[in-house]
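First up is the structure itself, then whatever we jot down about it.
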Amino acid sequence: MPRNFRIKDCFRSVSLFPACLSAMMQSLLLLRSARCLWTRGALLRTPRRPASSGSPQLEELFSGGGAMRNFLERLTGPGVQAHFGVKEPELAMAARKLREKEQELQEIERLLEDENEDLRKLAENEIISCQKELTKLKQKIILLLIPSEETDENDLILELTAGVGGQEAMLFTAEMFDMYQRYATYKKWHFEILEYFPSEIGGLRHASASIGGPEAYRHMKFEGGVHRVQRVPKTEKQGRMHTSTMTVAILPQPTEINLVINPKELRIETKRASGAGGQHVNTTDSAVRIVHLPTGVATECQQERSQIKNKEMAMKKLRAKLYSMLLEEETNKRYSARKIQIGTKGRSEKIRTYHFPQNRVTDHRISKSLYDIQSFMLGEYLLDELIQSLKEYADYESITEVISERC
């Protein structure tokens, strides 16, 4: 493509020579195809994890005078290598391409005021094409700036525990467990129950499950914390609204490379299972308890009739807990620390409120409310929408932190 070529000149030719309009439109289509291939060449290498794009916070970063805009201008300026110590030519290339594409868009937008109707229509089509390419470039820049966490690609252990509120808390815990199980199905993830301790009236005291699938931990890590429910319980005879809590803990499952456990440091105990479970209860030593001697961390499982299967599940939970402790020691990232997720289970330490009378679910970390609580509890698109909003907000925080460090 010649350096002195300008799309504006091409449009002017249409206005001066109407008879050549058809041929010129074909040329424009060829030009757009060539530019598309050129852009794909520049964007050939893409990061592994998908981006969150289009959120108000992220769009605000690219606005004039914003932190992202100032950073990109300095990034593409003279002496950038000495000033920033930039080692990522891909980021600088994307920033330069973004600036060129924005300049091209401004030039084409001026043609919208032209008297020639055909020229204006061609300009409108070209503007749409430019805006799509700008979105892709912004998305690429965001991905290059956001530091990916080691555990984002991991599977996870989900733990739910009833908190304050007695039987009502246990009933709500059972509903939350069902919601996450349906969400795993919605995302086409694998869901395996590790332990399940029901209450007398159909609630749930405590349960854990293994969830595996593409970027399962990256999606679910924002669910860790205290969840509060406000409603009139089924057990309430006078119609008074109660406030109860339950807690969710999300533990990344390590791979064999992430964590190695010495078998000599384990104490494995067997006992007879208790509670509902059929004829094998209190007749076979199928329940397994494993203690990690150096740390004192213990896990147990009695979900299956097979002692071997229960041992495998207990080991899976133990590995996840030890890995979470290791992450907490190595980093200060809030989402990797299990104690931050659980807190004291009090009513005030909430991350989300489920207000049934108002048909509302509110996440207090991003001050976002969704209405239609019954659909939300189905664990499908509304829950996914809220999780996506949390991811976008986390991306926004990560980008602002990275930019402030580099500037």
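The values are calculated or read from the model by the stated rules, or taken from the named source; none is laboratory data. As the structure is a computational prediction, the values presented were derived from the model and not from experiment. Here the Cβ is made from the backbone with ideal geometry for all residues, glycine too, and neighbour counts use every protein chain on show.
Of everything in the range 177-225, what is within 20 Å of LYS391 (Cα to Cα), in a helix (DSSP H, G or I) and hydrophobic (A, V, I, L, M, F, W, C)? Give them in sequence order.
Answer for the range 177-225, where residues must be within 20 Å of LYS391 (Cα to Cα), in a helix (DSSP H, G or I) and hydrophobic (A, V, I, L, M, F, W, C): MET179, ALA184, ALA216, MET220, PHE222.
Looking at ARG406, ARG347, can you tell me which residue is surrounded by fewer than 17 Cβ atoms within 10 Å (Cβ to Cβ), modelled with pLDDT under 85 and closer than 30 Å to SER63 by Cα? Give the derivation first.
Details: ARG347 fails: closer than 30 Å to SER63 by Cα.
Only one candidate qualifies: ARG406.
May I ask you to say which residue of ILE387, ILE399 is in a helix (DSSP H, G or I) and more than 30 Å from ASN70 (Cβ to Cβ)?
On the way: ILE399 fails: more than 30 Å from ASN70 (Cβ to Cβ).
Selected residue: ILE387, the only one of ILE387, ILE399 that is in a helix (DSSP H, G or I) and more than 30 Å from ASN70 (Cβ to Cβ).
Out of all the residues in the range 299-320, which are under 30 Å from the mean Cα position of the chain (by Cα) and surrounded by fewer than 17 Cβ atoms within 10 Å (Cβ to Cβ)?
Of everything in the range 299-320, just one residue is under 30 Å from the mean Cα position of the chain (by Cα) and surrounded by fewer than 17 Cβ atoms within 10 Å (Cβ to Cβ), namely GLU312.
Among the residues in the range 115-122, are any of a type in the set (D, E, K, R) and either surrounded by 22 or more Cβ atoms within 10 Å (Cβ to Cβ) or over 30 Å from LYS101 (Cβ atoms) (or both)?
Keep residues of the range 115-122 that are of a type in the set (D, E, K, R), which gives 115, 117-118, 120-121.
This time we only want the ones that are either surrounded by 22 or more Cβ atoms within 10 Å (Cβ to Cβ) or over 30 Å from LYS101 (Cβ atoms) (or both), so: none.
No; the residues of the range 115-122 include none that is of a type in the set (D, E, K, R) and either surrounded by 22 or more Cβ atoms within 10 Å (Cβ to Cβ) or over 30 Å from LYS101 (Cβ atoms) (or both).
So which of ASP384, ASP395 ends up being under 22 Å from the mean Cα position of the chain (by Cα) and either modelled with pLDDT of 90 or more or of a type in the set (Lys, Arg) (or both)? Please lay out each step first, then the result.
Details: ASP395 fails: either modelled with pLDDT of 90 or more or of a type in the set (Lys, Arg) (or both).
Step by step, each of ASP384, ASP395 is checked, and only ASP384 is under 22 Å from the mean Cα position of the chain (by Cα) and either modelled with pLDDT of 90 or more or of a type in the set (Lys, Arg) (or both).
Here are the criteria: (1) within 28 Å of the chain's Cα centre (by Cα); (2) over 23 Å from MET68 (Cβ atoms). Tell me which single one LEU112 does not satisfy.
Answer for LEU112: the failing condition is (1).
Would you please name the residue that is farthest from the chain's Cα centre (by Cα), looking only at residues in the range 254-290 that are modelled with pLDDT under 85 and among the polar types (S, T, N, Q)?
THR283
Would you mind stating whether GLU107 is in contact (Cβ under 8 Å) with a residue 60 or more places away in the chain, surrounded by fewer than 18 Cβ atoms within 10 Å (Cβ to Cβ), more than 28 Å from the chain's Cα centre (by Cα) and more than 30 Å from GLU405 (Cα to Cα)?
Working: in contact (Cβ under 8 Å) with a residue 60 or more places away in the chain: yes; surrounded by fewer than 18 Cβ atoms within 10 Å (Cβ to Cβ): yes; more than 28 Å from the chain's Cα centre (by Cα): yes; more than 30 Å from GLU405 (Cα to Cα): yes.
The answer is yes for GLU107.
Could you please find all residues in the range 90-112 being acidic (Asp, Glu) and at pLDDT below 85? So that I can check it myself, show each step before the final result.
If we filter the range 90-112 for residues that are acidic (Asp, Glu), which is where we start, we get 90, 100, 102, 104, 107, 109.
Of everything in the range 90-112, just one residue is acidic (Asp, Glu) and at pLDDT below 85, namely GLU90.
I want to confirm something. Restricting to the range 186-198 and keeping residues that are under 19 Å from LEU383 (Cβ atoms) and in contact (Cβ under 8 Å) with a residue 40 or more places away in the chain, which single residue is surrounded by the most Cβ atoms within 10 Å (Cβ to Cβ)?
Step by step, filter the range 186-198, then rank; the result is LYS187.
If the requirement is being closer than 30 Å to ALA94 by Cβ and basic (Lys, Arg), which of these qualifies: ARG218, ARG205, ARG240?
On the way: ARG205 fails: closer than 30 Å to ALA94 by Cβ; ARG240 fails: closer than 30 Å to ALA94 by Cβ.
Only one candidate passes the filter, namely ARG218.
Identify, from the list LYS87, LYS136, LYS121, the residue that is more than 30 Å from LYS368 (Cβ to Cβ), modelled with pLDDT of 85 or more and outside the structural domain of GLY213 (by TED's automatic domain parsing). Explain how you work it out, then say what you get.
On the way: LYS87 fails: modelled with pLDDT of 85 or more; LYS136 fails: more than 30 Å from LYS368 (Cβ to Cβ).
Just one listed residue meets the conditions, LYS121.
Just to be sure before I move on: is GLU175 acidic (Asp, Glu), modelled with pLDDT of 90 or more and surrounded by 21 or more Cβ atoms within 10 Å (Cβ to Cβ) in the structure I sent?
Numbers: acidic (Asp, Glu): yes; modelled with pLDDT of 90 or more: yes; surrounded by 21 or more Cβ atoms within 10 Å (Cβ to Cβ): no.
Here the answer is no, as GLU175 does not meet what is asked.
Return the pair list, or none, for Cβ contacts closer than 7 Å from residues in the range 132-145 that are free of Cβ contacts under 8 Å to residues at least 60 places away in the same chain to residues that are among the hydrophobic types (A, V, I, L, M, F, W, C) and crowded, with 20+ Cβ neighbours inside 10 Å, at least 6 apart or on different chains.
LEU134/LEU98
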